[in-house]
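Working notes, structure below.
The values are calculated or read from the model by the stated rules, or taken from the named source; none is laboratory data. Quick caveat, the model's predicted, so the values are computed rather than measured. Reconstructed Cβ throughout: ideal geometry from the backbone, glycine too, with neighbour counts over all protein chains shown. Side chains are part of the model used for accessible areas, which takes the heavy atoms of the whole protein and leaves out ligands, DNA and RNA. Shrake-Rupley method; radii C 1.70, N 1.55, O 1.52, S 1.80 Å.
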Amino acid sequence: KHLRLSLQPMITNPMKVRGIHQVIRSGLILCLCLIILSTTRVKGQHQTDSVNTTRLTIFLAGTGVAYTTSMIALNNLWYSDFPKQDFHFFNDFNDWKQMDKIGHVYSTFQLTHISSRLFMWSGVSRKKSAIYGTIMGSLMMIPIELMDGFSSEYGASASDLGANFLGAGLYLGQE
């Protein structure tokens, strides 16, 4: 089975194009904010195990709202044109010259890195931040495979899941 991808339905529907632009713009703003927060050093953040509950709440609530919104938008903008079916797997290991796998490794590595930095920003120790960030980065990619698995046009990919865990593991291995 070969993947067919058509942008024609999105091009002919101005509401979808506008929606895509809004999601991209919002995503870029969110990423910029998370990157700024994750690179901000707080005096003494590595010497203390004192968790700043206000920061932790802001981080977790903000991530939860942004992530949920992005998954709803992804489902509506990417998967809505294809019928749903029973959950199934599709072996795409040899497709797309492995660029898809590199994208999964890189995306999960970055999600893990940013999550870990934001845990540290919240006062969580470096070691625990690395572990929590690894768990969070890995879990954030699973719903995409679930949506693929229920789509008649795609299918969940065991090699994508493996690439996701590899990306998170590469980050954790550096810590």
Residues within region 81-112 that are loosely packed, with under 13 Cβ neighbours inside 10 Å, within 16 Å of P143 (Cα to Cα) and of a type in the set (A, V, I, L, M), tallied: 0
Within region 114-139, can you find the residues that are within 24 Å of I72 (Cα to Cα) and open to solvent by less than 30 Å² (accessible area, probe 1.4 Å)? S115, L118, G133, T134, G137, S138
In region 124-175, anything polar (S, T, N, Q), in a helix (DSSP H, G or I) and in contact (Cβ under 8 Å) with a residue 60 or more places away in the chain is listed as S159, N164
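Going by what's in this entry, would S151 be described as open to solvent by less than 20 Å² (accessible area, probe 1.4 Å) and farther than 30 Å from S50 by Cβ?
Yes: the conditions hold for S151.
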Output the number of residues of region 68-100 satisfying the condition of being farther than 19 Å from A156 by Cβ and basic (K, R). 1
In region 78-101, what residues are touching a residue at least 24 places away in the same chain (Cβ under 8 Å) and under 14 Å from L166 (Cβ atoms)? F93, D100, K101
